[in-house]
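The structure appears right after this line, and notes come after that.
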Amino acid sequence: MTKYWTVDPEGITGQSTDLYKIEEAGRLLAAGEIIAFPTETVYGLGADATNTAAVEAVFVAKGRPSDNPLIVHIADWEQLDGLVAEVSDAARRLMARFWPGPLTLVLPAWPGAVSPRVTAGLATVAVRMPAHPVAQALIRAAGCPVAAPSGNRSGRPSPTLAAHVREDLDGRIAGLVDGGPTGVGLESTVVEVVGDRVHVLRPGGVTADQLRAAVPDCTVDDYGVEPDHETKSGQQATSVTSIPKSPGIKYTHYAPRGEMTVVRRQEDNSPQLPASSHKDPVREWIQSQVNEARNRGERTGVLSMQERASHYDADLVIGCGGPDDLETAAHLLYAALRQFDEQGIASIWAEAYPVDGIGTALMNRMVKAAGGRVVTVSP
Ligand code: TXA
Ligand code: MG
């Protein structure tokens with residue numbers, strides 16, 4: 001049985017009932033139970049990071065491969081002591097600027113500080129201080145560092161609503177604190193810091209440009225996608241598979257059940273798609289694929305820029321942000337992927353977003369959701 005608490009993130013003050021609920025969840029966490037909770041990125045599934053049995057229960061509930069390490073969440077600066085062996089100047093600058101917030105730092109672990117199941121036996125530990133008031137209150141109530149992957153079944157899109165967690169994990173976890181929709185909608189940026197250099201392992205809520213304002217020497221592998229070899233070619237299109245380089249990437253991530261394909265224009269990675277146009281190769285190609293799939297009897301879906309959604313005819317068309325509103329697209333992406341599942345959509349085509357700002361993380365997740373299927377359409 002999973003216990004559910006609903007709280008108002010704005011209302012966690014003093015002696016409020018909401019705080020009482022979070023304290024109850026915190027006691028369960030401290031006692032070794034696994035509890036899902038909102039953060040400003042996505043919902044997490046938390047366990048006491050020092051308790052191996054609790055951490056193991058997280059892997060079991062999610063069906064997560066055991067060699068993929070977890071992020072440790074803290075609420076106060078003092079919790080860093082005893083968790084990590086060393087914080088370089090560059091790492092300290094990043095923390096000062098972005099914590100609390102959607103940035104995870106991979107740092108040398110203090111030996112024995114957390115269960116070896118958290119770090120998957122690595123000498124490093126990933127640490128983050130979330131900005132969400134419910135997450136902070138829960139970590140403080142538990143009184144321990146909280147190891148938490150995203151609160152989805154492994155391979156599914158991360159949860160941005162409590163309902164998504166319930167869908168995936170009801171009956172498999174001790175509790176869920178429902179604090180409403182999450183903010184960013186994509187996971188935190190994961191970085192490693194080597195000397196004065198920052199390398200982005202997973203693009204996320206904090207963009208590379210923002211990182212560079214604190215630490216100028218910051219590298220990121222494109223959007224984690226390397227278009228390297230052709231898998232098939234179409235009439236006016238070529239497909240590429242990609243090898244994302246962020247950790248844990250050997251596994252399919254964030255994926256809807258249907259087969260998804262990301263479609264972009266050839267010239268660049270940042271297509272400024274015309275709002276409406278008679279000669280729009282991306283729209284024309286997607287619509288032709290939809291029509292073919294329909295003729296095969298498949299249910300079809302299109303994920304498009306908001307202002308272009310009305311140009312498509314498919315079983316489910318979801319408009320999601322746009323080139324000038326990438327934040328909204330990021331916020332809505334995972335919910336959209338789950339909607340395609342709910343409607344039994346077998347084939348999904350998604351318009352590429354500009355790889356810029358949060359668009360880097362957005363495209364990284366979309367390409368993974370597509371299992372690397374990216375089609376480039378020539379004009
Ligand atoms: O926004 C987020 O980061 C969310 C919320 C709940 O905080 N959490 C999250 O956790 O996305 P998860 O487990 O889905 O992703 C953790 C990522 C994985 O890519 C994992 O490989 C990487 O962090 N990671 C964890 N520990 C690491 C380490 N010691 N070295 C390198 N990568 C690490
Ligand atoms: Mg995850």
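Structure notes:
- All conditions in (1) within 16 Å of ligand 2 (Cβ to nearest atom); (2) in contact with a His (Cβ under 9 Å, 6 or more places away or on another chain) hold for E167, with the sole exception of (2).
- For the criterion of being within 13 Å of ligand 1 (Cβ to nearest atom), open to solvent by less than 30 Å² (accessible area, probe 1.4 Å), under 16 Å from A109 (Cβ atoms) and touching a helix residue (DSSP H, G or I) at 6+ places or on another chain (Cβ under 6 Å), L45 fails.
- Selection count where residues are of a type in the set (A, V, I, L, M), touching a Gly at 6+ places or on another chain (Cβ under 8 Å) and closer than 22 Å to T182 by Cβ, scope region 112-136: 4
- Counted residues, region 207-221 - those being of a type in the set (D, E, K, R) and open to solvent by less than 70 Å² (accessible area, probe 1.4 Å): 2
- Condition broken by T6, with the remaining ones in (1) open to solvent by 10 Å² or more (accessible area, probe 1.4 Å); (2) out of contact with any Asp or Glu (no Cβ under 6 Å at 6 or more places or on another chain) satisfied: (2)
- Of everything listed in (1) of a type outside the set (F, W, Y); (2) in contact (Cβ under 8 Å) with a residue 60 or more places away in the chain; (3) surrounded by 18 or more Cβ atoms within 10 Å (Cβ to Cβ), the single unmet condition for M129 is (2).
- Conditions (1) part of a helix (DSSP H, G or I); (2) more than 25 Å from G321 (Cβ to Cβ); (3) touching a Pro at 6+ places or on another chain (Cβ under 9 Å): number failed by H164: (2)
- Scanning region 172-190 for residues that are more than 11 Å from ligand 1 (Cβ to nearest atom) and either farther than 18 Å from L29 by Cβ or buried (at least 24 other Cβ atoms within 10 Å of the Cβ) (or both) gives I173, L176, V177, G179, G180, P181.
- Residues located in region 32-42, provided they are buried (at least 24 other Cβ atoms within 10 Å of the Cβ) and of a type outside the set (G, A, S): I34, I35, F37, P38, T39, T41, V42
- Residues located in region 141-152, provided they are surrounded by 18 or more Cβ atoms within 10 Å (Cβ to Cβ) and either within 16 Å of ligand 2 (Cβ to nearest atom) or assigned to a loop (DSSP other than H, G, I, E, B) (or both): C144, P145, V146, A147, A148, P149, S150, G151, N152
- Residues that are part of a strand (DSSP E or B) and in contact (Cβ under 8 Å) with a residue 24 or more places away in the chain within region 33-82 comprise I35, A36, F37, G44, L45, G46, A47, D48, I71, V72, H73, listed in sequence order.
- Restricting V193, V200 to residues that are within 30 Å of E86 (Cα to Cα), open to solvent by less than 20 Å² (accessible area, probe 1.4 Å), away from ligand 2 (no atom under 16 Å from the Cβ) and in contact with a helix residue (DSSP H, G or I) (Cβ under 8 Å, 6 or more places away or on another chain) narrows the list to V200.
- Test: A113 is surrounded by fewer than 22 Cβ atoms within 10 Å (Cβ to Cβ), farther than 25 Å from D8 by Cβ, among the small types (G, A, S) and more than 11 Å from ligand 1 (Cβ to nearest atom): yes
- Any hit, region 216-239, residues being in contact with a strand residue (DSSP E or B) (Cβ under 8 Å, 6 or more places away or on another chain), assigned to a loop (DSSP other than H, G, I, E, B), more than 16 Å from ligand 2 (Cβ to nearest atom) and modelled with pLDDT of 85 or more: yes
- Verdict on G155 being within 16 Å of ligand 2 (Cβ to nearest atom), farther than 19 Å from D67 by Cα, modelled with pLDDT under 95 and part of a loop (DSSP other than H, G, I, E, B): no
The values are calculated or read from the model by the stated rules, or taken from the named source; none is laboratory data. Computed from a predicted structure; not experimentally measured. Quick reminder, even Gly has a Cβ in these numbers, built from the backbone with ideal geometry, and neighbours come from all protein chains shown. SASA here: full protein model, heavy atoms, side chains in, ligands and nucleic acids out. Shrake-Rupley method; radii C 1.70, N 1.55, O 1.52, S 1.80 Å.
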